[in-house]
Structure formats: C-alpha cells, structure tokens
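Before any comments, here is the structure.
Values quoted throughout were computed directly from the atomic coordinates according to the rules given, and no laboratory measurement underlies them. In this text the structure is predicted, and so the values were computed from the model without any measurement.
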Amino acid sequence: MVCIWLWLILAARPAGQVTAYLYSGSQLLVFSHTLDLLDEFFSYPDSFRLMSWLESIPLPVGMFILTLGVIGWYREQRQVNRQLQGREKFLREHQFIDPLTALYTQSYLHHVVEREQQLGQFPLTLMLLDIANFDGINQKLGVPEADQILIQIAESLALNVRPTDIVCRYGGDKFVIVLARTSANQGKQLQRWLSHQLTALNKNWQLTCHWQQVSQQHAGQDAQQLVATLLQRHQAQKLVLTHS
C-alpha cells in the first residue's frame, strides 16, 4: 500500500519540498514495514538489538516527516482552491481563462492592470517570465510533452505567488504576473523565489528562463502603455543577450 502511495506521489506532484517530505516519510514507512514482514520468516537473537531499533525507530520518524508533507500539501491545496474559486467566479462572467494552463489570458491582463490602476494599487509591478528555448523543447519532445511542461510551470507560479497576485499566460511560452502594492525590490525578491521553485523543473528540461519587470509608482501610464513598456524592456534584454 505504501509503495502505491509513493507511486501516486511521484506521478501526481511536481518536485519540491512538500513532495520530498511525502516521499521521504513514505520511504521510511516502507523500510520499517519491510523489516516487520521479514520478522515473520527470520528470527534474530534477543541480544541483537540493532534489528529491533531499525524496525522501530524509522516508523515514527517516517510518520512525522509524512505529516509535515501532508500539512504542506493541505496548505498548497487551500491556495489552489482560492485560485480556482476566483477563476470560477470570473469564468461565469467572462471567457478569459486559458484552456491549457487554466491561467488568465492576455486579454484579461489589460483589464486587471487597468482595474488595479483605477483602485490606486500603487506601486504596481508587472513581472514577465519568458521560456526562451521553449521552441526547441517543443520540437524535441513533441507538443503533448511540451504542453505538460507549460502546465507544470503554470502550477508552480500559481502556487508560489500571494493570493492577491494574478498570473496570466501571455502568448505560448510567456507568463505575466500582476503584483499590486509591490515595489520593484519586492518584485525582485519574488522573482528570486519563483526562480528557485522552478529549479526542480529546470533539472529535467534545461529551461532557459528570462525575467523582466516594470513598476509604476503612481497614475500616469494606462494599462496598454505599462504592458508595452514591459515588452519593450524584454525585447531589449533579448537583443543584449543575443549579441553577447
């Protein structure tokens, strides 16, 4: 049964700290239960206490680690539920949800930026993530596998932003995050955190992630101008990287 749990964990979850807790705790349970099973076929001298310790100690340790993983999973699920509830409510009124990643679309991005500007949610920061080598991954692995990569990237972004932040899919391999009441320095801190969370995905697929952001301190630029500024900075960054 525990082996089945291990398989389901690895099949259903992206790599990360919570998955490591769940996997490690389950492994300790497998180890302890395996020794308990061997007791039915082999007997050990009473003086040989090591086997008793190996059988007894990993079980509570594994249950404790597994509990930490379940708590983390519960917190993640609450975050996902909040995201899904907001999307479901919005979907009843608009059709601005990307069918592949379940994130908001490029069309909704301009609406939400305009709304945050009207509400005076300054400083307002937009952050862009571009998977620069995604075309090569698409050709190498095929469309179905590439779509799964996009889905896992979208899930990682949605899980690791704040409940007030909004993640949009901007084109095929680009994502934009709207950060209300967030300074440029706070945006860079969040960028480093998101980059760290994407590291596990990077080990498997060698993603080349380019980040760019723009911050608006007060009313002035409208939503389209702010998004255009973000894209211009990103294009300028790509030119610099290409020439270098």
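By the helix-only formula, in which each DSSP H run with n ≥ 4 contributes -39500 (n - 2.57) and the sum is divided by residues, the chain has a 222 nm mean residue ellipticity of -21500 deg cm²/dmol. Proximity of backbone amide H atoms, modeled 1.01 Å from N, is registered between Q213 and L128 at under 5 Å, excluding neighbours fewer than 5 places apart on the same chain. Shown in residue order for the range 18-28 are the 3J(HN,Hα) couplings computed by the Karplus curve 6.51 cos²θ - 1.76 cosθ + 1.60 at θ = phi - 60°: 5, 4, 5, 4, 4, 5, 5, x, 5, 4, 5 Hz (x for Gly and Pro). Taking the three principal axes of the alpha carbon atoms in the range 96-211, the coordinate ranges are 45, 28, 20 Å, sorted in descending order. Lys-Lys pairs in the chain that are eight or more residues apart or on separate chains and whose Cα atoms lie under 28 Å of each other come to 10.
Using a Gaussian network model of the chain in which every pair of alpha carbons under 10 angstrom is joined by a spring, one finds that among E114, E55, E155 the greatest mean-square fluctuation is at E55.
Phi angles of the range 141-153 translate, via the Karplus equation with coefficients 6.51, -1.76, 1.60 and θ = phi - 60°, into HN-Hα couplings of 9, x, 5, x, 5, 5, 5, 5, 5, 4, 5, 5, 5 Hz per residue; Gly and Pro are given as x.
Helix 2-12 and the longest principal axis of the Cα set of the chain meet at an angle near 10°. Tell me the label only: which of (1) 33, 23, 14; (2) 45, 20, 17; (3) 26, 19, 16 is semi-axes √(5λ) of the Cα gyration tensor in Å as calculated from this structure? Evaluating semi-axes √(5λ) of the Cα gyration tensor in Å on these atoms matches (2). Were the residues from W211 through T67 laid out at 0.36 nm apart, the gain over their Cα-Cα distance would be 48.3 nm.
Sequence-ordered 3J(HN,Hα) estimates for the range 170-178 from the Karplus curve with 6.51, -1.76 and 1.60 and θ = phi - 60° stand at 10, x, x, 10, 10, 10, 10, 10, 9 Hz, glycine and proline given as x. Computed from the Kirkwood radius of its Cα pairs, the Stokes-Einstein diffusion coefficient for the range 2-87 at 25 °C and 0.890 mPa s stands at 168 µm²/s. Between R233 and N133, residue separation times 0.36 nm minus the direct Cα-Cα distance comes to 34.1 nm.
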